[in-house]
There are 2 protein chains.
Amino acid sequence: MGRGKIEIKRIENSSNRQVTFAKRRAGLVKKAREIGVLCDAEVGVVIFSSAGKLYDFWTPKTTFAFAVRLPRILEKYQTNSGKILWDEKHKSISAEIDRVKKENDNMQIELRHMKGEDVNSLQPKELIAIEEALTNGQTNLRDKMMDHWKMHRRNEKMLEEEHKLL
Amino acid sequence: MGRGKIEIKRIENSSNRQVTFAKRRAGLVKKAREIGVLCDAEVGVVIFSSAGKLYDFWTPKTTFAFAVRLPRILEKYQTNSGKILWDEKHKSISAEIDRVKKENDNMQIELRHMKGEDVNSLQPKELIAIEEALTNGQTNLRDKMMDHWKMHRRNEKMLEEEHKLL
DNA sequence: GATTCTATGTATAACCT
DNA sequence: TAGGTTATACATAGAAT
């Protein structure tokens, strides 16, 4: 579509290539915008010039939708690079999950031990430690209960005396 | 570019819209391929139809380059909804973290209670439940320890007898 | 929904400034 | 290297299949 027909192959003359790039890039983006509007579609266009410069266009919604659907796109291309990148992005967050889950597991085990469960494989030393923890817990708990009770009694007495005064 | 000029606005007739979508989608991809070849560029086109179906095209190198450069693309949109939606993808993962963390907190509280800590705000009923749990734990634990000990003794005796036989 | 046909509107290659 | 002009090639709207 120009003064002459051209073959679709790399334009060797670099300034012609540059001019064609600028014009066709504009054309491509225009078409992308049009199909987006006409057909109520979400469109994204990404172009890297041979010099490595990035040009891109996204219909408004696409910025959102694209990110949401990125995994699907990468899936389709199951290339290592895509997969690796995605994994990379998730690595830190996955690490946190792992950390929290591990913490979770440890606490779960500790809790079960405190309930006398899953203790068969433990060493006598460990069993004794758990028993001590239980005993301490009981002691602490009973002290607290006693405090509560005392305070309760004191409050009751004070109320009684108030009543008497009235 | 057709029998009549059209305004660039959403095509209301849905079958016309569908036909136009298919035609222009093909056109867009063709143009993308051409600029890629002619100008030695890397091009990617992503189209989501209004029905949510994904169509995309990447020049060969782009499949790789795109993934490599994705962070740059997202950076460009960091300020706006891009960031929000990169996070959107993370939401499901974040939800899992939250869930696990919550589980974690609950266990932590339970553990502290079992150690007699942080019990001041508890109701008498709850305190009693904890004491019961502790007592049960102790009972279970002592049973297990006793079993162990018995088994240990039995094994020792058997060894002794073997030795005697030798 | 996809294809085909064809009149017409657009994009753009080659030039020019 | 960037922007404008124009002849031409191409894309596609509307209609039919």
Seminar exercise, completed: Subset of region B:1-18, residues part of a helix (DSSP H, G or I) and under 38 Å from the mean Cα position of the chain (by Cα), comes to B:SER14, B:ARG17, B:GLN18
Exercise. Is it the case that B:GLY116 is without any contact (Cβ under 8 Å) to a residue 60 or more places away in the chain, on the phi > 0 side of the Ramachandran plot and at the interface with chain A (Cβ under 7 Å from one of its Cβ atoms)?
Worked result: yes
Exercise. Which of the following residues is at pLDDT 85 or above, in a helix (DSSP H, G or I), within 13 Å of DNA strand D (Cβ to nearest atom) and buried (at least 20 other Cβ atoms within 10 Å of the Cβ): A:LEU28, A:LEU38?
Worked result: A:LEU28
Problem set entry | Scan of region B:6-25 for residues that are open to solvent by less than 60 Å² (accessible area, probe 1.4 Å), among the aliphatic types (A, V, I, L, M) and within 8 Å of another protein chain (Cβ to nearest Cβ), ordered by number | B:ILE11
Exercise. Regarding A:PHE57, is this residue over 17 Å from B:GLY52 (Cα atoms) and surrounded by 20 or more Cβ atoms within 10 Å (Cβ to Cβ)?
Worked result: no
For this session: Considering only region A:41-52, state which residues are away from DNA strand D (no atom under 12 Å from the Cβ) and buried (at least 16 other Cβ atoms within 10 Å of the Cβ).
Result: A:ALA41, A:GLU42, A:VAL43, A:GLY44, A:VAL45, A:VAL46, A:ILE47, A:PHE48
Seminar exercise, completed: Of the residues in region A:110-137, those that are touching an Asp or Glu at 6+ places or on another chain (Cβ under 7 Å) and either over 19 Å from B:GLU131 (Cα atoms) or not basic (Lys, Arg) (or both) come to A:LEU111
Exercise. Condition test on A:ASP56, is it at pLDDT 80 or above, away from DNA strand C (no atom under 13 Å from the Cβ) and at positive phi?
Worked result: no
Exercise. In this structure, is A:THR63 at pLDDT 55 or above, at the interface with another protein chain (Cβ under 7 Å from one of its Cβ atoms) and within 13 Å of B:ILE47 (Cα to Cα)?
Worked result: yes
Exercise. Looking at A:LYS83, is it more than 8 Å from every other protein chain (Cβ to nearest Cβ), surrounded by fewer than 16 Cβ atoms within 10 Å (Cβ to Cβ) and at pLDDT 80 or above?
Worked result: no
Exercise. Of all the residues that make up region B:10-25, how many are in contact with a helix residue (DSSP H, G or I) (Cβ under 6 Å, 6 or more places away or on another chain) and more than 6 Å from DNA strand D (Cβ to nearest atom)?
Worked result: 3
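The values are calculated or read from the model by the stated rules, or taken from the named source; none is laboratory data. These figures come from a predicted structure and were not determined experimentally. Methodologically, a virtual Cβ is constructed for each residue, glycine included, from the backbone with ideal geometry; neighbour enumeration extends over all protein chains shown. Ligands, DNA and RNA are excluded from the accessible area calculation, which covers all protein heavy atoms including side chains. Shrake-Rupley method; radii C 1.70, N 1.55, O 1.52, S 1.80 Å.
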